[in-house]
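The values are calculated or read from the model by the stated rules, or taken from the named source; none is laboratory data. Small disclaimer: the values here were computed from a predicted structure and weren't measured. Cβ placement follows ideal geometry from the backbone for every residue including glycine, while neighbour counts extend to all protein chains displayed.
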Amino acid sequence: MSRTRVTSAHLGGIREDSRCEHRASGLGLTLDVLAETAFRVLFSLIFATAGLAHLVRPQIIIARLLEAPLAHLATAIAPAPFLVFSTGVVLLVAGVTLLLGFRTRLSAVLLIAVLVPMTVAVDVGHTNALGPLFKNVALLGGLIHFATKGGGAIAIDRARSRVAFLRRR
């Protein structure tokens, strides 16, 4: 079944403020729901793989941290090996829970708490390579999205809230 709802006039063949919904076999799956889920799953992979790299190849990550212009800010808090290990654990665990949509808001907040200081320590100060800095700024935007909106319709969080609702009835 395909349904289109237009809420404003057509201008030059372009629908302004229109919303297209394509339902899949009565399951309530719309393109919006599928796109939201794909965004969460694909977005989370960067954190899970970065966490895995921190845990599997810590020496490479430690060297990168120590070469950063503002490394002294991070290593003043804790030794580099501890920082790399703890960051790796948070990135991996929160990345996987974000992927699953489990405790999505908490996962996003934890990732923000790791991403911001990591970005300041490693990426700020590199005037010749701004790409990684702005990649992390974009990641921050995505994390803010999930911290405020949650995991969406296809997420463990949503299933848990449905079960809790049914138990209260």
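Is it the case that the stretch 128-136 has a residue that's surrounded by 14 or more Cβ atoms within 10 Å (Cβ to Cβ), modelled with pLDDT of 95 or more and under 21 Å from residue 40 (Cβ atoms)? Please lay out each step first, then the result.
Pass one, the stretch 128-136, residues surrounded by 14 or more Cβ atoms within 10 Å (Cβ to Cβ): 133, 136.
Then keep just the ones that are modelled with pLDDT of 95 or more; that gives 136.
Narrowing further to those that are under 21 Å from residue 40 (Cβ atoms): 136.
Yes, there is a match, as at least one residue in the stretch 128-136 is surrounded by 14 or more Cβ atoms within 10 Å (Cβ to Cβ), modelled with pLDDT of 95 or more and under 21 Å from residue 40 (Cβ atoms).
Considering only residues of the stretch 71-89 that are touching a residue at least 24 places away in the same chain (Cβ under 8 Å) and of a type outside the set (Ser, Thr, Tyr), which is surrounded by the most Cβ atoms within 10 Å (Cβ to Cβ)?
Residue satisfying both the conditions and the ranking: 84.
Tell me whether the stretch 134-148 contains one or more residues that are in a loop (DSSP other than H, G, I, E, B) and not acidic (Asp, Glu).
Scanning the stretch 134-148 turns up no residue that is in a loop (DSSP other than H, G, I, E, B) and not acidic (Asp, Glu).
Quick check: is even one residue across the stretch 121-130 without any contact (Cβ under 8 Å) to a residue 12 or more places away in the chain, in a helix (DSSP H, G or I) and of a type in the set (Ser, Thr, Tyr)?
No, every residue in the stretch 121-130 fails to be without any contact (Cβ under 8 Å) to a residue 12 or more places away in the chain, in a helix (DSSP H, G or I) and of a type in the set (Ser, Thr, Tyr).
Could you check, for the stretch 150-168, whether at least one of its residues is part of a helix (DSSP H, G or I), modelled with pLDDT of 95 or more, basic (Lys, Arg) and out of contact with any His (no Cβ under 9 Å at 6 or more places or on another chain)?
No - not one qualifying residue is present in the stretch 150-168.
Given the criteria out of contact with any helix residue (DSSP H, G or I) (no Cβ under 6 Å at 6 or more places or on another chain), hydrophobic (A, V, I, L, M, F, W, C) and either surrounded by 13 or more Cβ atoms within 10 Å (Cβ to Cβ) or at pLDDT 95 or above (or both), does residue 31 qualify? Show your work before the answer.
On the way: out of contact with any helix residue (DSSP H, G or I) (no Cβ under 6 Å at 6 or more places or on another chain): yes; hydrophobic (A, V, I, L, M, F, W, C): yes; either surrounded by 13 or more Cβ atoms within 10 Å (Cβ to Cβ) or at pLDDT 95 or above (or both): yes.
Considered against the rule, which asks whether it is out of contact with any helix residue (DSSP H, G or I) (no Cβ under 6 Å at 6 or more places or on another chain), hydrophobic (A, V, I, L, M, F, W, C) and either surrounded by 13 or more Cβ atoms within 10 Å (Cβ to Cβ) or at pLDDT 95 or above (or both), residue 31 comes out as yes.
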